[in-house]
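The values are calculated or read from the model by the stated rules, or taken from the named source; none is laboratory data. Everything numeric here is computed off the predicted structure, so don't read it as measured data. So basically every Cβ, Gly included, is an ideal-geometry build from the backbone, and we count neighbours across all protein chains shown. What goes into the accessible areas is simple: the full protein's heavy atoms, side chains included, and nothing from ligands, DNA or RNA. Shrake-Rupley method; radii C 1.70, N 1.55, O 1.52, S 1.80 Å.
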Amino acid sequence: MALRQIRTKDDEILRKVCKEVTNFDNKLAILLDDMYETMTSHDGVGLAAPQVGILKRAVVIDIGEGKLELINPKIISEEGTQTGTEGCLSVPGVWGEVERPNKVVAQAYDRDGKKFTVTGEGLMARAICHEVEHLDGKLFLDRVIKFVE
Ligand code: NI
């Protein structure tokens, strides 16, 4: 495993739409391992591939409940709303209030290409929404209601 450099907010790569993963190969496994190591080394709870300069639809999340990898994720249902403080490893030192669904159901593939469904509530729902938006070139900054000191 290796640490990868995290791209920061003015990097245009963060604004691009990522491509679907089609090869569930060793290269993908290495990318996911590197993303997880990079995320945890920065005390992050989520990281999307474009944040390390790779325009592929791959996400890792760990909000303290174990590692979750989402390949080609799609949010298939949303319920309720929550407003809470959010940050991003690509926007260091900036925090803001963002409204998100309180509960989401997402469909995704694991690193072996097996399809699964995950339900997230609260922080997990927030993390899934935040990371999936990275894959479409969106940053939480676009949604901030109020910046937090
Ligand atoms: Ni982020």
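Quick look at the numbers
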| item | result |
| --- | --- |
| Filter pass, Gly96 being in contact (Cβ under 8 Å) with a residue 24 or more places away in the chain and either part of a strand (DSSP E or B) or within 16 Å of the ligand (Cβ to nearest atom) (or both) | yes |
| Failed condition for Asp142, given (1) within 12 Å of the ligand (Cβ to nearest atom); (2) under 25 Å from Val21 (Cα atoms); (3) free of Cβ contacts under 8 Å to residues at least 40 places away in the same chain; (4) of a type outside the set (Lys, Arg) | (2) |
| Conditions (1) part of a strand (DSSP E or B); (2) surrounded by fewer than 18 Cβ atoms within 10 Å (Cβ to Cβ): number failed by Ala106 | (2) |
| Total residues in segment 110-129, condition loosely packed, with under 15 Cβ neighbours inside 10 Å and among the hydrophobic types (A, V, I, L, M, F, W, C) | 1 |
| Where a residue in segment 112-124 is in contact (Cβ under 8 Å) with a residue 60 or more places away in the chain and its partner, wherever it lies, is open to solvent by 100 Å² or more (accessible area, probe 1.4 Å) and not hydrophobic (A, V, I, L, M, F, W, C), with Cβ under 8 Å and at least six apart | Met124/Glu65 |
| Residue ID - nearest to Leu135 (Cα to Cα), chosen from residues in segment 1-53 that are open to solvent by less than 50 Å² (accessible area, probe 1.4 Å) and either free of Cβ contacts under 8 Å to residues at least 12 places away in the same chain or assigned to a loop (DSSP other than H, G, I, E, B) (or both) | Cys18 |
| Residue match in segment 70-87 (condition: without any contact (Cβ under 8 Å) to a residue 12 or more places away in the chain and either more than 26 Å from Glu37 (Cβ to Cβ) or of a type outside the set (A, V, I, L, M, F, W, C) (or both)) | no |
| Meets criteria (under 13 Å from Gln5 (Cα atoms) and assigned to a strand (DSSP E or B)) for Leu70 | no |
| Count of residues meeting criterion [crowded, with 21+ Cβ neighbours inside 10 Å and either out of contact with any strand residue (DSSP E or B) (no Cβ under 7 Å at 6 or more places or on another chain) or assigned to a helix (DSSP H, G or I) (or both)] in segment 130-149 | 5 |
